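Let me begin by presenting the structure, written as structure tokens, before commenting on it.
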Amino acid sequence: MARTVLLIDDDEDDAQFFSDAIKELAIDMTMEYCSGGQQALDRLTHNRTDTPDIIFLDLNMPALNGWECLREIKKIADIQHIPIVMYSTANLYQEGVSPEDVGAKAFYRKSNSFSELKTSLAALLRSIFPQ
């Protein structure tokens, strides 16, 4: 069964890098993309019959940042069950924040290495969706 990942990230280059990695994984997944928090909330609230299986949410975005977007998603009963992975260049574990503290499934640090991105994405997705 194909799963859908929704990436919310204002950086189009990072989104393309992420999309390329998803395509190369040996996991049956498709990717959707929203370039900001408000666009993602609009997509999630207006299309509730086609919800993603997982959301990767960038923290540092203009207008509605990742923290604000996460809080809004968690307020909506129909979609609050979707696992959310906070996606950032920051190492949030070092800042003393745990995923559970903020209602996220995991933190995922952005990588500049394509092979590292693929390897760590595959491990993370397999841990969330064991086959």
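What helices (runs of 4 or more DSSP H), lying completely within the stretch 1-115, carry at least 1 residues that are among the small types (Gly, Ala, Ser)?
Where helices (runs of 4 or more DSSP H) fall fully within the stretch 1-115 and carry at least 1 residues being among the small types (Gly, Ala, Ser), they are 12-24, 37-46, 66-74.
Does Ala40 fit the bill of being at pLDDT below 90 and of a type outside the set (Phe, Trp, Tyr)? Can you show your working first?
Details: at pLDDT below 90: no; of a type outside the set (Phe, Trp, Tyr): yes.
In short, no.
Checking the condition at pLDDT below 90 and over 14 Å from Leu7 (Cα atoms), which residue from Asn65, Asn91, Asn60 passes? Spell out how you get there, then give the answer.
On the way: Asn65 fails: over 14 Å from Leu7 (Cα atoms); Asn60 fails: over 14 Å from Leu7 (Cα atoms).
None of the others qualify; the one that does is Asn91.
Inspect the stretch 14-28 for any residue being among the basic types (Lys, Arg) and within 21 Å of Ser88 (Cα to Cα) and give the result as yes or no.
yes
Mind listing whichever residues of the stretch 5-24 are in contact (Cβ under 8 Å) with a residue 24 or more places away in the chain and loosely packed, with under 15 Cβ neighbours inside 10 Å?
Hits for the stretch 5-24 are Asp20, Glu24.
The values are calculated or read from the model by the stated rules, or taken from the named source; none is laboratory data. Fair warning: this is a prediction, and the values are worked out from it, not measured in the lab. Using ideal geometry, Cβ is built from the backbone for each residue, glycine included, and neighbour counts are taken over all protein chains shown.
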